[in-house]
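Chemist: Mind looking over this structure? Questions follow.
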Amino acid sequence: PVGQYAHSDGTGPLVGPSTRVDAEAHLGFVVGVPTSLGRSVPVGGFVEHVFGVVLMADFNARDFQAWEGLPLGSLAGSSFAAPVSPWVLPTDALGAARFRGREQSPPPMPHLARPADWGLRIRVEIALNGEVVSRPPYGAMYWTPDQLLAHLTGNGAALRTGDLYTSGAVSGGERGQRGSLLELEEAGEAPLRLSDGSARSFLRDGDTVRIGAWAPGMGGGAIRLGEVEAT
């Protein structure tokens with residue numbers, strides 16, 4: 001992607017191709033039942049409106065984001081690539097994966113209090129050029145998808161059938177559980193070492209990112225959420 005970024009000393013901007021392209025592993029939630037403008041969906045309404053789950057690889061140009069984020073937010077740094085997995089796994093299939101969710105302290109505001117168990121024990125795997133570099137657990141995420149839906153519709157934003165909202169980068173607390181290259185290589189301080197002897201701070205031309213995920217099945221075994229791959 002081409003965009004604006006700053007010199008290493010902070011001056012700029014320059015215009016040119018990104019040298020800091022990253023990918024994040026996201027879980028995406030697909031809306032089935034719409035709402036009218038002005039209506040908020042309560043936390044307990046998640047199961048009535050969300051049909052299923054996909055995987056998403058959210059690509060970001062971190063150098064563009066750093067420039068665009070002062071003082072507002074990213075646009076060209078995030079708008080160029082976000083492939084999703086090839087099928088939607090219905091939420092009804094996730095019964096064995098559900099649990100209360102991570103402890104939240106301080107307690108969330110009353111309108112975000114969780115009445116049902118929508119923490120999800122889903123294991124995610126990120127591979128770079130065929131080599132697994134991280135295994136982030138979705139169950140470690142602070143906010144559950146029902147809380148996210150209540151928050152994003154809290155201002156009256158309408159839902160449409162087919163709308164997609166995502167978890168943000170799925171990351172765990174250990175180094176091998178981080179959900180993006182930026183986190184894995186600690187913002188350039190600890191380049192990621194691959195088994196072929198090469199190192200990565202960010203993606204290079206020709207690199208292939210593959211993200212897969214699995215959830216426990218209702219009858220035992222595992223349910224595959226699909227896979228998203230991009231070069």
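Every number here is computed from the coordinates shown, using simple stated rules; none is lab data. Computed from a predicted model, the values in this text were never measured in an experiment.
Chemist: Could you tell me the relative contact order of region 107-160? Use alpha-carbon pairs under 8 Å, at least six residues apart, and round to a whole percent. Intermediate results must be reported in sequence, preceding the final value.
Modeler: Details: 43 pairs, mean separation 17.6, N = 54.
That works out to 33 percent.
Chemist: How large is ³J(HN,Hα) for each residue in region 69-75, as worked out from phi by the Karplus curve 6.51 cos²θ - 1.76 cosθ + 1.60 (θ = phi - 60°), to whole Hz, x for Gly and Pro?
Modeler: For region 69-75, the Karplus-derived couplings read x, 10, x, 9, x, 6, 10 Hz, x marking Gly and Pro.
Chemist: Sticking to Cα atoms, compute the Rg of the chain to one decimal and its Dmax as the biggest Cα-Cα distance, whole number, in Å.
Modeler: Cα-based Rg and Dmax for the chain come out at 18.6, 58 Å.
Chemist: Residue by residue through region 29-42, which ³J(HN,Hα) values in whole Hz follow from phi under the Karplus form 6.51 cos²θ - 1.76 cosθ + 1.60 (θ = phi - 60°), with glycine and proline marked x?
Modeler: Residue by residue, region 29-42 yields 10, 9, 6, x, 10, x, 10, 8, 4, x, 9, 8, 9, x Hz.
Chemist: A follow-up question, please. Evaluate the relative contact order of region 41-163 (contact order divided by residue number), counting alpha-carbon pairs under 8 angstrom at least 6 apart; express in whole percent.
Modeler: Numbers: 161 pairs, mean separation 33.8, N = 123.
The normalised contact order for region 41-163 reaches 27 percent.
Chemist: Could you tell me how many cubic angstrom of Cα convex hull volume region 61-197 has per residue? List each step's numbers first, then the result.
Modeler: On the way: hull volume 24.6 nm³, N = 137.
Cα-based convex hull of region 61-197, divided per residue, equals 180 Å³.
Chemist: Around ARG178, which amide H atoms from residues at least 5 apart in sequence, or from another chain, sit under 5 Å from its own amide H, with H modelled in the peptide plane?
Modeler: Those lying under 5 Å, H to H, from ARG178 are ARG135, GLY172.
Chemist: Along region 136-151, what does the Karplus equation 6.51 cos²θ - 1.76 cosθ + 1.60 (θ = phi - 60°) give for ³J(HN,Hα), rounded to whole Hz, x for Gly and Pro?
Modeler: x, x, 5, x, 7, 5, 6, 9, 8, x, 5, 5, 4, 5, 4, 5
Chemist: What is the chain's relative contact order, in percent, from Cα pairs under 8 angstrom and six or more apart in sequence?
Modeler: Working: 543 pairs, mean separation 60.2, N = 231.
26 percent.
Chemist: Now a separate question. Compute the normalised compactness of region 89-152: alpha-carbon radius of gyration over 2.2 N^0.38 Å, N being the residue count. It would help to have the intermediate numbers written out before the result.
Modeler: Numbers: Rg = 14.0 Å, N = 64, 2.2 N^0.38 = 10.7 Å.
The value comes to 1.31.
Chemist: Let me test this: with uniform point scatterers at the alpha carbons of region 170-231, what is the Debye-based log₁₀ I(q)/I(0) at q = 0.15, 0.22, 0.29 1/Å?
Modeler: -0.61, -1.02, -1.25
Chemist: Using just the C-alpha positions of region 54-103 as equal point scatterers, what log10 of I(q)/I(0) does the Debye formula give at each q in 0.20, 0.25, 0.31 1/Å?
Modeler: At q = 0.20, 0.25, 0.31 Å⁻¹ the computed log10 ratios are -0.76, -0.87, -1.11.
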